[in-house]
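Since the structure comes first, as structure tokens, the remarks are kept for the end.
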Amino acid sequence: MQYLEGNYDVVVVGAGHAGCEAALASARLGLETLVFAISLDSIAMMPCNPNIGGTSKGHLVREIDALGGEMGKNIDKTYIQTRMLNKGKGPAVHSLRAQADKYRYSLEMRKVMENTPHLRLRQAEVTEIVQQDGKVLGVGTASGAFYGAKAVVVATGTYLKAKCIFGDVSVESGPNGLQAAKHLTGSLLGAGIELFRFKTGTPARVDRRSVDFTRMEEQRGDEKVVPFSFLNRPEDIRREQISCWLTYTNAQTHRVIRENLDRSPLYSGVIEGTGPRYCPSIEDKVVRFHDKERHQVFLEPEGEDTNELYVQGMSSSLPEDVQIAMLRTLPGMEQVQIMRNGYAIEYDCINPLQLKHTLEFKEISGLFSAGQFNGSSGYEEAAAQGLVAGANAGLKVLGRPPLLVDRSEGYVGVLIDDLVTKGTNEPYRMMTSRAEYRLLLRQDNADIRLTPKAYEAGLVSKERYAGLQRKMEQIGAEIRRLRKTMVGPSDQVQELLAAHGSTPLRSGISLEELLKRPELDYGKLAPIDGERAPLGEDVVEQVEIQVKFSGYIDRQQNQVAQYRKLEKRLLPEDLEYEKIKSLRIEAVQKLEKIRPVSIGQASRISGVSPADISVLLVYLEQHKRTGEVWKK
Amino acid sequence: MLYDTIAAISTAMAPAGIGIVRVSGEDSIPLVSGIFRPKGKKPLSAAGSHTLQYGHVVDPMSGRIIDEVLVSVMKGPNSFTAENVVEINSHGGILVLRKVLELVLGQGARLAEPGEFTKRAFLNGRIELSQAEAIMDVINAKTERALQLSVRQLEGRLGEKTARFKDILLSLIAHIEASIDYPEYDIEELAVETVMDRLEALKGDMQALVETFDQGRMLKEGINTAIVGKPNVGKSSLLNALLQEQRAIVTEIPGTTRDTLEEVVNIQGIPLRLVDTAGIRDTEDHVERIGIERSLGALQKADLVLFMVDGSRPLEEGDRAIVERIKDKKVIVLLNKMDLEVKASQKELRELLTDHPVVPVSAKNREGIGLLEHHIKEMFFHGEIENTEEQEVLLSNVRHKNAVVQAVGSLDHVMEAIRAGMPEDCWSIDLKNAYERIGEITGESIKEDLMGQIFSQFCLGK
């Protein structure tokens, strides 16, 4: 017998990285929100790598923060090492990454969740999404309770019908031995939702005491700490950092792997899910890149209070004895003791083409989804979607316009647009090369790009928004001042230029032009810039980047202007593509399935050609002129 | 793109005396200004709507005057497409028209898709609703056809070349992108010198390809012209005379036999494929017979025949035999050796070949060549002779060339960025642009290729 336990505005299924951000966003909009976890001890758990950020993922975390999310603040509280990657390259690809104390990360997130008004946590397995006539009504649990909801966000991660596999051992459990969610799949299929089966994997964890670090290279954190959250200052979060360690595989490792390939479930065909190209197991790497003499292996602490080390680079589903044998071939790991085995995990997820950009299902009003359930991979990708799904679930309940981020505004936008427009046949990982306007989507300006949007949606405070406006005014004013301030070829100027190996002046030049020279920076120009007022480091950084890269930035902004024009040409929701004779059959099929919202989105669908787009435009114009009313 | 500026030759290619390059879009006026030098002081940007400006089209790179033109400016919405439209009226023939189009493209216009002016006119409300269906049908049909032609061309050496360009670009981009997305992996650093060397080499190859486009186009579009006559009437001297005049645009075609020598010349904007045939006569000589058969073959294919007679000697049976073979062709009769005493009967010639012009020349002294050229031009512009190739083939050629030219431009940007000390992620912006341009030829985009390349070229991932 099912009983009614309660009614909520928004119910979130799952309390991983997606579920947490979704629940927090909804609750912060003032909506009564309930979040389910299979275990309340696994909130914001990091079942794989113990770090947050990295290339493009660091961008996502900054964007989550700019949108009022929690991930950035939480990692700032719980990091044990931090580095800015790609410092030798351009500012667009500078990428922040922190090693997390994964236990404290989970604990701190749980604290925030438990103390957020309007938010309630509940341990239970959700077995049913209740919906009627294409509208969500609530969820049912294994214990027989029904929870009414105006909107539901599904964020089940890798738990749906999860199966962990290594060697010939196959366990029907979620990550880290947690209980799998076995029943929800049936309910989703019953609702007509198309599912995929994906695969990912994780390496073994080993005991720090069994490792000889003297035979490895130390990887230290940066002296200069850069917080993930725009609300934190470096001095607020400074701490003693903990090192990671680098070692390498060798011929012996590869031999052990090769000799045991027949025992791998991947090669014997036990695993049927699609694994990601960018997250290959060590056996994959050895087979596919058989010429490569060695592969890097990083040992990363899983936390401050544990001896467990994550063996990055050695993800594997080989049998336990082979995992031990191959790890013991690594320099410094001859005596190593495994604490947890590596394994591959298979799980159900959806075909994300069924979603709108709001992450709501096209066919089921009020049902949203986020994270690995949507076919993505990674904590950061999950959290970013969670925030968008949760905010949009809340905004829908409130009857307010949705939170939409487009490809020119953020990696969040690229991620979601890729998923809902192109779909994916492997767990989708964010990469900087997926962003076409990369130079504009920098981690340093995420607040400028997104916080105004978040403020409009009600996700960040007025104070925060006002602070951002002040910063933007200062940036603009300083660039204008540099443009107007001229310096001539005085002795002082020429000496300064000579000291930095810069060509001497022949006539007057603005400070802006000087700043564009690669060998000069804002700080170096101080002696010849007397009128300079003291500015915050963040303001100076923006001024410097905007001046130095203005050529590229302008070009990308022009491209964005073109892109936006196409995004604004909206396609009616109920357009019957098969009635447009001149479209090619492949295009009709794709357009029918994806139902793009705009000409721009349609043009990104593979299988829709530029000629098809032309046909669509003509068709739209034809119908606009006949004044035919689209049926609602 | 929906609203960018497009350009194309908007008059039929062959038989018109005047051709028009039409440019439509927001930037059409500044774009044309970049190559137009007005006669008066008033710049094009100051020209009123629906006015004509007189001046010259100038190649901004070389400063060379390309043609004397009339430029009409029609500002939106009162134009055919309801956008700003500029039309360049040129009378210099196909080659000049093409050059003007290329210059406009070089200024940043995009070559119009088939039917695109009409499409825009419709989208902007300038064309009747009843035509919408027809327009939609045409778009895919035309594109399909253009694509098929393009694919056919790409099966050959052009396809191999573009595939190689893409391979090189993709491997460079993948290298840069992999090292950006995986900064901690032991990916070999790209040495600046190596990259520069590779880019220079690639650019050289691309430029060489661009040049072959020009030649290939001449070959494709040229009017097949056979020079026939008995042995030793002066055919080779005529060929040399024509070549002498047009030395700049001559192409030697490899693989031609010593019997039929083929050259391409530009006669006042009209490309001619000249075939100098072996002298035609009855002979028992086996080798010579082979040459003569080839000559007769060339004669068959010819759009225009230049029939040469030795004017210093009376007409012979051999001349009359040739006349029999060329009666149905477009013929210009050349009475050679006008510097000597004329003995051939012009009257008889005119009777044998009625309505065909007879031009006295001296090939050796290059006299009368101007008059010959005049006749060729007249016949061309009156539609009497035209090339028999399909026009779409030519069009896609311009498209291909333009794509490669733009790719070269992107490579220049990359090299500039490298010299200016810009970081790698900036290089890859223009490398990707170069790839996209080459990809346009085959309809492929980097999006689909890059991820695969990164993960097959490098071993990455946790």
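The values are calculated or read from the model by the stated rules, or taken from the named source; none is laboratory data. Worth saying up front: this structure is predicted, and the values here are computed from it rather than measured. Here the Cβ positions follow ideal geometry from the backbone for every residue, glycine too, while neighbour counts run over all protein chains shown.
Do you know which residues across the range A:404-424 are assigned to a helix (DSSP H, G or I), more than 10 Å from chain B (Cβ to nearest Cβ) and either under 14 Å from the mean Cα position of the chain (by Cα) or among the basic types (Lys, Arg) (or both)?
Residues satisfying the conditions are A:Tyr411, A:Val412, A:Gly413, A:Val414, A:Leu415, A:Ile416, A:Asp417, A:Leu419.
What about A:Arg483, is it surrounded by 11 or more Cβ atoms within 10 Å (Cβ to Cβ), at pLDDT below 95 and outside the structural domain of A:Asp406 (by the TED database)?
no
I want to confirm something. Restricting to the range B:218-247 and keeping residues that are out of contact with any strand residue (DSSP E or B) (no Cβ under 8 Å at 6 or more places or on another chain) and among the charged types (D, E, K, R), which single residue is modelled with the lowest pLDDT?
Among those that are out of contact with any strand residue (DSSP E or B) (no Cβ under 8 Å at 6 or more places or on another chain) and among the charged types (D, E, K, R), it is B:Arg247.
Hey, any hits in the range A:425-432 for a residue that's in contact with a Phe, Trp or Tyr (Cβ under 7 Å, 6 or more places away or on another chain), within 14 Å of another protein chain (Cβ to nearest Cβ) and basic (Lys, Arg)?
Yes, there is a match, as at least one residue in the range A:425-432 is in contact with a Phe, Trp or Tyr (Cβ under 7 Å, 6 or more places away or on another chain), within 14 Å of another protein chain (Cβ to nearest Cβ) and basic (Lys, Arg).
Taking the stated definitions as given, is A:Ile545 of a type in the set (A, V, I, L, M, F, W, C), farther than 17 Å from B:Leu123 by Cβ and within 12 Å of chain B (Cβ to nearest Cβ)?
yes
Out of A:Val460, A:Val539, which single residue is touching an Asp or Glu at 6+ places or on another chain (Cβ under 8 Å) and within 21 Å of A:Gly410 (Cα to Cα)?
Result: A:Val539 is the single residue among A:Val460, A:Val539 that is touching an Asp or Glu at 6+ places or on another chain (Cβ under 8 Å) and within 21 Å of A:Gly410 (Cα to Cα).
Being out of contact with any strand residue (DSSP E or B) (no Cβ under 9 Å at 6 or more places or on another chain) and in contact (Cβ under 8 Å) with a residue 12 or more places away in the chain is the filter here; which residues of the range A:323-340 pass it?
A:Ala325, A:Met326, A:Thr329, A:Glu334, A:Gln335
Each row is one residue, and each column tells you yes or no for (1) closer than 30 Å to A:Asp348 by Cα; (2) more than 14 Å from every other protein chain (Cβ to nearest Cβ).
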residue	(1), (2)
A:Ile237	no, yes
A:Thr249	no, no
A:Ser264	yes, yes
A:Ser268	yes, yes
A:Ser281	yes, no
A:Asp284	yes, no
A:Val287	yes, no
A:His290	no, no
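From the list A:Ile509, A:Ile553, A:Ile545, which one is within 23 Å of A:Asn445 (Cα to Cα), surrounded by fewer than 19 Cβ atoms within 10 Å (Cβ to Cβ) and of a type in the set (Val, Ile, Thr)?
A:Ile553
Can you confirm whether A:Ala391 is part of a helix (DSSP H, G or I) and surrounded by 24 or more Cβ atoms within 10 Å (Cβ to Cβ)?
yes
Could you give every pair whose Cβ atoms fall below 6 Å, whose first residue belongs to the range A:556-580 and is closer than 19 Å to A:Gly410 by Cβ, and whose second residue is at pLDDT 90 or above and of a type in the set (A, V, I, L, M, F, W, C), counting only separations of at least 6 or pairs across chains?
What qualifies is A:Gln556/A:Leu439; A:Gln556/A:Leu440; A:Leu566/A:Ile599.
Would you point out which residue out of A:Ile605, A:Ile580, A:Ile613 is at pLDDT 85 or above and within 8 Å of chain B (Cβ to nearest Cβ)?
The unique qualifying residue is A:Ile580.
Which helices (runs of 4 or more DSSP H) sit wholly inside the range A:474-565 and have at least 2 residues that are over 23 Å from B:Asp425 (Cβ atoms)?
Passing ranges, in order: A:491-499, A:511-516.
Identify all residues within the range A:380-403 that are of a type outside the set (S, T, N, Q) and either within 13 Å of A:Glu63 (Cα to Cα) or under 10 Å from the mean Cα position of the chain (by Cα) (or both); write none if there are none.
A:Glu380, A:Glu381, A:Ala382, A:Ala383, A:Ala384, A:Gly386, A:Leu387, A:Val388
Out of (1) farther than 22 Å from A:Ala22 by Cα; (2) surrounded by 21 or more Cβ atoms within 10 Å (Cβ to Cβ); (3) in contact with a Phe, Trp or Tyr (Cβ under 6 Å, 6 or more places away or on another chain), the odd one out for A:Lys199 is which?
Single failed check for A:Lys199: (3).
Just checking, which of A:Pro117, A:Pro91 is assigned by the TED database to the domain that holds A:Cys244 and under 21 Å from the mean Cα position of the chain (by Cα)?
Result of the check over A:Pro117, A:Pro91: A:Pro91.
Go through the range A:589-601 and give me each residue that's free of Cβ contacts under 8 Å to residues at least 40 places away in the same chain, more than 12 Å from chain B (Cβ to nearest Cβ) and among the aliphatic types (A, V, I, L, M).
Hit for the range A:589-601 is A:Leu591, nothing else.
Quick one: A:Lys568 ticks every box in (1) within 14 Å of chain B (Cβ to nearest Cβ); (2) surrounded by 19 or more Cβ atoms within 10 Å (Cβ to Cβ); (3) charged (D, E, K, R) bar one, so which box is it?
Among (1) within 14 Å of chain B (Cβ to nearest Cβ); (2) surrounded by 19 or more Cβ atoms within 10 Å (Cβ to Cβ); (3) charged (D, E, K, R), the lone unmet condition for A:Lys568 is (2).
How many residues are surrounded by fewer than 18 Cβ atoms within 10 Å (Cβ to Cβ) and in a helix (DSSP H, G or I) when one looks only at the range B:353-374?
Summing the residues that are surrounded by fewer than 18 Cβ atoms within 10 Å (Cβ to Cβ) and in a helix (DSSP H, G or I) in the range B:353-374 gives 3.
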